[in-house]
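J.: Submitted below is the structure of interest, expressed as structure tokens.
The values are calculated or read from the model by the stated rules, or taken from the named source; none is laboratory data. Given the structure is predicted, the values throughout are model-derived calculations rather than measurements. Counting neighbours? That spans all protein chains shown, and the Cβs are built from the backbone with ideal geometry, glycine included.
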Amino acid sequence: MKLTIIGGGGFRVPQIFEALSGENDRARITELCLFDTDPARVAAIESVLAQLAPSLPRPPRVTTAIGLDEAVTGAAFIFSAMRIGGTEGRIKDERIALDLGVLGQETTGPGGLAYALRTLPHARDLAQRVARHAPEATVINFTNPAGIVTEAMREALGDRVVGICDTPIGLMRRAVHAIGSTPEQVDFDYVGLNHLGWLRSLVVDGVDKLPGLLADDARLAGIEEARLMGFDWIRALGAIPNEYLYYYYFQREATERLRGPGPTRGEFLHRQQSGFYEQARQHPDSALELWLKTKHDREASYMAESRPEAERTNREAADVEGGGYQQVALDLMTALLGGRPATMILNVANRGLVPQLPDDAVIEVPCTVSGAGIVPKRIAPVTGEMLGLLQQVKAVERLAIAASREGSRALAWRALAAHPLVDSIAVARALLDTYREQIPGVAEALSKRG
């Protein structure tokens, strides 16, 4: 069985390789095909995989593809993990916003919209090629901003593309552990968009354990999201937010920290990962050792700007456990291939789950996954400020998708201006103009005058 990774030179590919190499007869991937526009990055990752393989039970054969059509042909599963513009593009996404006094982050706010605008043409092209050359394949989308990209890819692939993210799964894992239960024992309610959602109930044997958890300081201390947002705030909400809601709830504080003297996340990762790829090129025999060290530093510093200074390079061990998005993807494939059914939080079509959003809008909700497919679970009604934020951000996402489809600067301006983290139409126009001037992919995507 062939699995293709689009973005096969990406830093996290060895984590996928490790997940695929276990004793899993259902999701038995025999060929891992890597496709990337940067051959040097693929060569570095191939060195890491070759050094990893002897320590793994059943590693798949690793191949590379020169062309995209070749890469997808014959694949049963395709992981979309592309980063259009590289980490250099991310630096501009974030810095341009910060220079204009607006929060600069990869997926949330104007930086995420710039990333989407230059990525969507490539995501649509991939979807169309998969539809032609691999009509039975399932595409699992990791490419950020995952909700926007998945929704655009659905135009060609429909239900054969699903978006995944490990942050809501991580939240669930920590919450289940805090109530002393296991995932199999818990029925839960989670609703949102990618990087914007809330855990609203944790039911065990018919009893909702979330209110008791929210009232217990000792148990909340083991949940990163609770420490991040503050116990009083999540008690006021009556729910535990996804960690990315920090940027909405603490916009001023986050922007101030990001505008500080230190590097942005994009600048940190660019320096770190560029160093890894260069060192791996010079010392291919040490590629695995170099990768492991870089991976540790990357995980320990995740969302550092949102944490107290003393914790920024020393995350709690529980916060980085759990397998990450590669384990989510493996669990998804296993269930789809007829293995043990799984309950997962995925990015899928709304279809009436939140009646106030369009049916074809992609939302992030619990789903039951089995050999019969992916079936979203019913959720409690969404009301009040949660619904208001969902509607506003989804409207922004759909404007961005339309702007990309039509090549329209006017629609892109509207998307930026409508975002809750952009406080001025004039600033939105300045953001658009500067992104177009400094990021070629954005300028290419918005080629029309209107």
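J.: For the structure I just gave you, tell me whether Glu267 is at pLDDT 90 or above and more than 30 Å from Glu151 (Cα to Cα). Lay out the reasoning, then the answer.
T.: On the way: at pLDDT 90 or above: yes; more than 30 Å from Glu151 (Cα to Cα): no.
For Glu267, the condition - at pLDDT 90 or above and more than 30 Å from Glu151 (Cα to Cα) - is not met.
J.: Being more than 12 Å from Ser447 (Cα to Cα) and either among the basic types (Lys, Arg) or over 24 Å from the mean Cα position of the chain (by Cα) (or both) is the filter here, so list the residues in the range 414-437 that pass it. Quick ask: steps written out before the conclusion?
T.: Initial filter on the range 414-437 (more than 12 Å from Ser447 (Cα to Cα)): 414-435, 437.
Matches in the range 414-437: Arg414, Asp423, Ser424, Ile425, Ala426, Val427, Ala428, Arg429, Ala430, Asp433, Thr434, Glu437.
J.: Has the range 120-139 got at least one residue that is among the charged types (D, E, K, R), over 28 Å from Ile29 (Cβ atoms) and within 19 Å of the chain's Cα centre (by Cα)?
T.: Applying the first criterion (among the charged types (D, E, K, R)) to the range 120-139 yields 124-125, 129, 132, 136.
Now narrow it down to the ones that are over 28 Å from Ile29 (Cβ atoms): none.
Checking the range 120-139: not a single residue is among the charged types (D, E, K, R), over 28 Å from Ile29 (Cβ atoms) and within 19 Å of the chain's Cα centre (by Cα).
J.: Would you point out which residue out of Leu446, Leu390, Leu416, Leu411 is surrounded by 14 or more Cβ atoms within 10 Å (Cβ to Cβ), within 30 Å of Leu332 (Cα to Cα) and either of a type in the set (A, V, I, L, M) or in contact with a Pro (Cβ under 6 Å, 6 or more places away or on another chain) (or both)?
T.: Details: Leu446 fails: within 30 Å of Leu332 (Cα to Cα); Leu416 fails: within 30 Å of Leu332 (Cα to Cα); Leu411 fails: within 30 Å of Leu332 (Cα to Cα).
So the residue among Leu446, Leu390, Leu416, Leu411 that is surrounded by 14 or more Cβ atoms within 10 Å (Cβ to Cβ), within 30 Å of Leu332 (Cα to Cα) and either of a type in the set (A, V, I, L, M) or in contact with a Pro (Cβ under 6 Å, 6 or more places away or on another chain) (or both) is Leu390.
J.: Continuing with the same structure: Collect the residues in the range 140-170 that are more than 12 Å from the chain's Cα centre (by Cα) and under 25 Å from Pro110 (Cβ atoms), keeping them in residue-number order.
T.: Glu151, Ala152, Met153, Arg154, Glu155
J.: Which of (1) in contact with a Leu (Cβ under 7 Å, 6 or more places away or on another chain); (2) touching a residue at least 40 places away in the same chain (Cβ under 8 Å); (3) buried (at least 23 other Cβ atoms within 10 Å of the Cβ); (4) under 26 Å from Ala445 (Cα atoms) does Ala116 not meet, given it meets every other one?
T.: All conditions pass for Ala116, except number (1).
J.: What are the pairs, 6+ residues apart or on separate chains, where a residue within the range 160-189 that is closer than 24 Å to Arg12 by Cβ has its Cβ under 9 Å from a residue that is modelled with pLDDT of 95 or more and among the basic types (Lys, Arg)?
T.: The qualifying pairs are Arg160/Arg154; Val161/Arg154.
J.: Oh, and also: Suppose we filter Leu126, Leu113 for residues that are touching a Ser or Thr at 6+ places or on another chain (Cβ under 7 Å) and assigned to a helix (DSSP H, G or I); which single one remains? Full working, then the answer.
T.: On the way: Leu113 fails: touching a Ser or Thr at 6+ places or on another chain (Cβ under 7 Å).
Exactly one residue qualifies, and that residue is Leu126.
J.: Give the number of residues within the range 190-218 that are free of Cβ contacts under 8 Å to residues at least 40 places away in the same chain, touching a helix residue (DSSP H, G or I) at 6+ places or on another chain (Cβ under 7 Å) and either within 25 Å of Glu299 (Cα to Cα) or crowded, with 17+ Cβ neighbours inside 10 Å (or both). Spell out the reasoning first.
T.: Initial filter on the range 190-218 (free of Cβ contacts under 8 Å to residues at least 40 places away in the same chain): 202-218.
Remaining after also requiring touching a helix residue (DSSP H, G or I) at 6+ places or on another chain (Cβ under 7 Å): 202, 204, 213-214, 217.
In the following step, the residues that additionally are either within 25 Å of Glu299 (Cα to Cα) or crowded, with 17+ Cβ neighbours inside 10 Å (or both) were identified as 202, 213-214.
Here the count works out to 3.
J.: Kindly establish whether Arg83 is touching a helix residue (DSSP H, G or I) at 6+ places or on another chain (Cβ under 8 Å) and under 30 Å from Arg257 (Cα atoms).
T.: On the way: touching a helix residue (DSSP H, G or I) at 6+ places or on another chain (Cβ under 8 Å): yes; under 30 Å from Arg257 (Cα atoms): yes.
Criteria met by Arg83.
J.: Restricting to the range 359-378, give me the number of residues that are surrounded by fewer than 17 Cβ atoms within 10 Å (Cβ to Cβ), in contact (Cβ under 8 Å) with a residue 12 or more places away in the chain, not in a strand (DSSP E or B) and not acidic (Asp, Glu).
T.: Going residue by residue through the range 359-378, those that are surrounded by fewer than 17 Cβ atoms within 10 Å (Cβ to Cβ) are 359-360, 368, 370-373, 375, 377-378.
From what is left, the residues that are in contact (Cβ under 8 Å) with a residue 12 or more places away in the chain are 360, 368, 370-371, 373, 377-378.
Subsequent filtering for residues that are not in a strand (DSSP E or B) retains 360, 371, 377-378.
Cutting the leftovers down to not acidic (Asp, Glu) gives us 371, 377-378.
Residues in the range 359-378 being surrounded by fewer than 17 Cβ atoms within 10 Å (Cβ to Cβ), in contact (Cβ under 8 Å) with a residue 12 or more places away in the chain, not in a strand (DSSP E or B) and not acidic (Asp, Glu): 3 in total.
J.: If Asp93 meets every condition in (1) surrounded by 19 or more Cβ atoms within 10 Å (Cβ to Cβ); (2) assigned to a loop (DSSP other than H, G, I, E, B) apart from one, which number is that one?
T.: All conditions pass for Asp93, except number (2).
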